[in-house]
């Protein structure tokens with residue numbers, strides 16, 4: 001019992017800790033109030049800030065790698081407009097199709113406005129990595145938006161919007177934390193709770209020779225048996241509980257059937 005409780009505790013505790021570690025960098029954003037950059041602008045955010053907003057302009061994909069799609073979006077910081085990359089899971093690309101189509105029709109001059117479609121975004125702000133920045137600049141050159149490096153740097157912010165389901169992260173973090181806590185409780189029970197107390201938690205009453213007793217009445221008898229003092233335990237059953245001495249010897253020899 002003691003060993004099993006400790007093993008279960010270690011397994012659950014380590015599982016919870018590993019899962020929490022895997023969630024890692026998104027735990028703090030998941031439990032913070034997200035910023036709506038459409039309302040508050042990019043001046044309200046920084047690396048690892050939670051963001052939840054609706055986009056009405058998303059340009060076509062300029063890169064795909066590691067099962068993620070990368071798009072360009074316009075953002076505001078104060079009175080000035082800039083461009084930053086948006087990274088979404090390739091599996092969610094379909095959610096952005098209508099907005100992208102309307103944005104590109106506007107960009108190519110097929111329409112006079114960028115449309116009415118919006119797409120909801122939830123994720124975090126990350127620092128812009130060199131690979132994404134390079135591929136984004138290649139796209140600028142290809143579309144003829146900018147030609148000089150200095151122009152691109154002027155119109156780009158050093159951030160990337162990274163799509164993450166923060167609601168799921170928050171729920172999973174709570175679940176993983178509880179797994180670790182339960183594991184710690186089992187581990188403590190396995191280490192610190194006395195054997196006779198743990199047994200008593202499983203048993204409320206027992207029968208000896210057809211008579212029902214409360215388990216608490218046999219704690220001293222159980223303690224003697226656990227210490228290997230079977231004759232003393234047998235004598236206590238005979239003297240205190242009026243159990244025939246021969247039957248008392250049988251009970252002591254088969255104690256696990258009466259006290260378990």
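With (1) closer than 21 Å to residue 56 by Cα; (2) at pLDDT below 95 as the list, and residue 125 as the residue in question, which single condition is left unmet?
(2)
Quick one: residue 117 ticks every box in (1) loosely packed, with under 12 Cβ neighbours inside 10 Å; (2) part of a loop (DSSP other than H, G, I, E, B) except a single one, so which number is it?
(1)
Restricted to region 147-181, and to residues that are in a loop (DSSP other than H, G, I, E, B) and touching a strand residue (DSSP E or B) at 6+ places or on another chain (Cβ under 9 Å), which residue is nearest to residue 68 (Cα to Cα)?
Applying the filter and picking the extreme gives 164.
Please indicate, with yes or no, whether at least one residue in region 78-90 is in contact (Cβ under 8 Å) with a residue 24 or more places away in the chain, surrounded by fewer than 16 Cβ atoms within 10 Å (Cβ to Cβ) and part of a helix (DSSP H, G or I).
Yes, region 78-90 contains at least one residue that is in contact (Cβ under 8 Å) with a residue 24 or more places away in the chain, surrounded by fewer than 16 Cβ atoms within 10 Å (Cβ to Cβ) and part of a helix (DSSP H, G or I).
Taking residue 101 and the conditions (1) under 22 Å from the mean Cα position of the chain (by Cα); (2) surrounded by 12 or more Cβ atoms within 10 Å (Cβ to Cβ); (3) over 17 Å from residue 160 (Cα atoms), which numbered condition does it fall short on, given that it satisfies the others?
Against the list (1) under 22 Å from the mean Cα position of the chain (by Cα); (2) surrounded by 12 or more Cβ atoms within 10 Å (Cβ to Cβ); (3) over 17 Å from residue 160 (Cα atoms), residue 101 comes up short only on (1).
Output yes when any residue across region 62-73 is in contact (Cβ under 8 Å) with a residue 24 or more places away in the chain and more than 34 Å from the chain's Cα centre (by Cα), and no when none is.
Taking every residue of region 62-73 in turn, none turns out to be in contact (Cβ under 8 Å) with a residue 24 or more places away in the chain and more than 34 Å from the chain's Cα centre (by Cα).
State yes or no: is residue 256 out of contact with any helix residue (DSSP H, G or I) (no Cβ under 6 Å at 6 or more places or on another chain) and within 21 Å of residue 205 (Cβ to Cβ)?
yes
Search region 104-114 for residues being surrounded by 15 or more Cβ atoms within 10 Å (Cβ to Cβ) and in contact with a helix residue (DSSP H, G or I) (Cβ under 9 Å, 6 or more places away or on another chain), and hand back the single one that is farthest from residue 44 (Cα to Cα).
107
When you scan region 231-260, how many residues do you find that are under 51 Å from the mean Cα position of the chain (by Cα), outside any loop (DSSP other than H, G, I, E, B) and surrounded by fewer than 16 Cβ atoms within 10 Å (Cβ to Cβ)?
3
So residue 228 clears everything in (1) farther than 30 Å from residue 17 by Cα; (2) at pLDDT 80 or above; (3) in a helix (DSSP H, G or I) except one condition, right? Which one?
All conditions are met except number (3).
The values are calculated or read from the model by the stated rules, or taken from the named source; none is laboratory data. In this text, all values refer to a predicted model and were calculated from it rather than measured experimentally. Positions of Cβ are backbone-derived with ideal geometry, glycine not excepted, and every protein chain shown enters the neighbour counts.
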